[in-house]
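Report on one structure; see the data block that follows.
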Amino acid sequence: MSTIDVKVAAIEQVTTLVKHFTFVKEDGSVLPAFSGGSHVVISLSIGGRVHRNPYSLMGSPEDTSAYHISVRRQERSRGGSVYMHDNVTVGMQFKITYPVNLFSLAKKARKHILIAGGIGITPFMSQIADLERLGADYELHYAFRAPEHGAFAEKLNKTCGNRLHCYIDSVGERLDLSVLLGNQPLGTHVYVCGPNAMVVSVLEVARNFGWPENHVHIEQFLAPPIGEPFKIQLARSNKEIQVPADMSMLEAIEAAGVEADFLCRGGACGRCELQVLETDGALLHHDHFLTDAEKASCKKIMPCVSRAKCERLLLDI
Amino acid sequence: MERGYWIRSKPVYTSLVWHEKATSHLVLTQDDGGMALLKLFQLKHPKQAINVLYANNPSSKVNYAKTLEKVVPEGLQIFNTEQEVLCAFNDVLPTMFMGLRLYVAGSESFIWSVSECAKAHGIEDADIMKELTGTLARTVYCVHCKAITHDITTNIGKCCGCGRMLFVRDHFSRRLGAYMGLMVDAESPGVLPEIEEIYP
Ligand code: FES
């Protein structure tokens, strides 16, 4: 997968838990164009191991002199975000993928309802720049835990004015999805990015009100879960490799020098799908991509997030 | 006829059934679509509000309008032409909310006129339930002169614009609500395959 060489131009502590990073091209030239909702995957080498983490681009798509991302510190995770917070300094160099958009705005929508929870605000930052430029009708509903966690509330207030609605959990403000989704004009699309419970409720409320599925858009990249180690065999590259507890199958495949496809690395897009040729154990599917029937068939697996409990898992790669 | 493979653009029509999840329902029907409407009302009615727009054809054999007045509990409006139904539809669309479910039954050209109106309000044709009734007669657009000829019931039909004999294909334009027609005797003028009625 071709990558872009960038360096860190600026770092800003936005809240106690969120840092904002600005990347520019090492040679000072402009970066590839992108559309609102796009993300890039950044490679971090931590303790001799390569982590590849996806982050939404949050700058305006009109400005390609720099890319902007924000990272929330996740203590109980595999260390990518903690590394970004504690070890990354201005001037450091990284390789990132070209931007990919798995959360694009529906062009034909008459109105856009954006729903963000916490750090889930990031993909909306670039979408809002697009919506403002197009003069589109939209509302942004932004829920966060406490006033000090509303990372971008102030900035958004300036851009969005009364299109912004904030819900601060600590003062008892709640977003009522039934009210919100119960009376939207025909042709409205809804987009959600945030914690799982929020995504699930939006999907459910929209379905109960009879919203067509293609009017409901979600961005939900999972972090690869930590699990038990297991062994896999790669049929085409003729290799047997061990997948450690804190590494995903995809990372283990890459670490073995085998090139594999991916886009989101979070079980959402389906790009990394591998055929399961043989197995003597159980597949532990974690992705949001495969249907339940596909999961049960044990014929396919998403190595970016899914794992297995087995001695033998022969993959077609 | 093209057999053995499926043309992706060819529309799929089903029988109308109520959506369970909805905030309201709007059914648009024309002429013989009245039968689809009667069948629909045989099913258990949904809880939400139902509105029905029906274009009656006074010259048709069966008078559905009369029966419909008895069967449809409320929200029925009967019009004399398709055009009036489409105007009424255009008028209500801006006042409607997400969760409105759309159903249409009638001729192919009526179905796609409804779909075009809905599209202007951000509704995709996939979200409209469609039942084709009465006739399979095709509207055909001539790829040579762009003219649109209505009610072609045969495999080969004469273009009303340029007079070419057109082979009626399964390729369908949703925007035009018409099938593609290609000159059939381009290579050997005047030599035509047998003309058969296949879209009665
Ligand atoms: S890379 Fe997207 S599902 Fe695995």
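Side notes on the structure shown:
- Among B:S9, B:N155, A:H149 the positive-end extreme of the charge dipole of the protein assembly as shown (Cβ point charges): A:H149
- Chain B, dipole about Cα centre (Lys/Arg Cβ +1, Asp/Glu Cβ -1), debye to the nearest 20: 380
- Estimated 222 nm signal from helices in the protein assembly as shown, with DSSP H stretches of n ≥ 4 weighted -39500 (n - 2.57), rounded to 500: -5500 deg cm²/dmol
- Evaluating 6.51 cos²θ - 1.76 cosθ + 1.60 at θ = phi - 60° for every residue in segment A:222-238, the Karplus couplings come out as 8, 7, x, x, 7, x, 8, x, 8, 10, 10, 10, 9, 5, 6, 8, 6 Hz, glycine and proline recorded as x.
- Amide H contacts for B:R164 (H built 1.01 Å from N in the peptide plane; partners 5 or more residues away or on another chain; cut-off under 5 Å): B:C159.
- Principal-axis tilt of helix A:122-134 within chain A, Cα atoms, nearest 10 degrees: 50
- Positive-end residue of B:V71, B:H171, B:A88, charge dipole of chain B with Cβ unit charges: B:V71
- Cα centre as origin, Lys/Arg/Asp/Glu Cβ charges: the protein assembly as shown dipole, Debye: 320
- Residue mean of other protein chain beta carbons inside 10 Å, A:183-190: 6
- Extents of segment A:3-101, largest first, come to 35, 28, 24 Å (Cα atoms, principal axes, whole angstrom).
- Gaussian network model of chain A, Cα within-10 Å springs - most flexible of A:A256, A:A293, A:A136: A:A293
- Debye intensity ratio I(q)/I(0), log10, segment B:138-183, q values 0.17, 0.21, 0.30, 0.31 Å⁻¹ (C-alpha model): -0.33, -0.52, -1.12, -1.20
- About the Cα centre, charge dipole magnitude for segment B:1-105 (Lys/Arg +1, Asp/Glu -1 at Cβ), debye: 480
- Segment A:111-219: C-alpha gyration tensor shape, a/c 1.5 cut-off, then a/b vs b/c: oblate
- Ranked A:L181, B:L26, A:L284, criterion: other C-beta atoms within 10 Å, fewest first: A:L284, B:L26, A:L181
- Within 10 Å of each Cβ in B:117-125, the average number of Cβ atoms from other chains: 4
- Top of B:S59, B:S173, B:S109 by mean-square fluctuation, Gaussian network on chain B, Cα under 10 Å: B:S59
- Evaluated at q = 0.09 Å⁻¹, a Debye calculation over the C-alpha positions of chain B (equal weights, vacuum) places log10 I(q)/I(0) at -0.38.
- Structure note, pairs A:K231/A:K299; A:K95/A:K295; B:K61/B:K158; A:K7/A:K239; A:K19/A:K309: Cα-Cα distances above 25 angstrom occur for A:K95/A:K295; B:K61/B:K158; A:K7/A:K239; A:K19/A:K309.
- Once the C-beta distance of A:E311 and A:V200 is scaled by a Förster radius of 45 Å, the resulting FRET efficiency is 0.80 to the nearest 0.05.
- In degrees, nearest ten, helix A:196-208 long axis to first principal axis of chain A (Cα): 70
- Under the span-like rule (Cα at least 15 Å along the axis, Kyte-Doolittle mean at least -1.0), DSSP H helices of chain B: B:82-92, B:108-119
- In the elastic network of chain B, a GNM with C-alpha springs shorter than 10 Å, the most mobile of B:P11, B:P189, B:P46 is B:P189.
- Within a straight-line Cα-Cα reach of under 29 Å, A:K107 can be paired with the following lysines, leaving aside sequence neighbours fewer than 8 residues apart in one chain: A:K155, A:K158, B:K10, B:K21, B:K119, B:K130, B:K146.
- With neighbours defined as other Cβ atoms within 10 Å of a residue's Cβ, the residues B:W112, B:W6 order from fewest to most as B:W6, B:W112.
- Rel. contact order, % - alpha carbon contacts under 8 angstrom, at least six apart, chain A: 14
- Cα gyration tensor category, rounded, prolate or oblate, for the protein assembly as shown with a/c compared to 1.5: prolate
- Taking every alpha-carbon pair under 8 Å whose residues sit at least 6 apart, chain B reaches a relative contact order of 21 percent.
- Size estimate for segment B:24-132 follows the Kirkwood approach: the inverse of mean 1/r over distinct Cα pairs works out to 13.8 Å.
- Dipole of chain B [Lys/Arg +1, Asp/Glu -1 at C-beta], most positive-end residue of B:F41, B:G134, B:S107: B:F41
We did not get these values from a lab; they are worked out from the coordinates using the rules stated. Computed from a predicted structure; not experimentally measured. For neighbour counting, all protein chains shown are included, and Cβ atoms are generated from backbone atoms with ideal geometry for every residue, glycine included.
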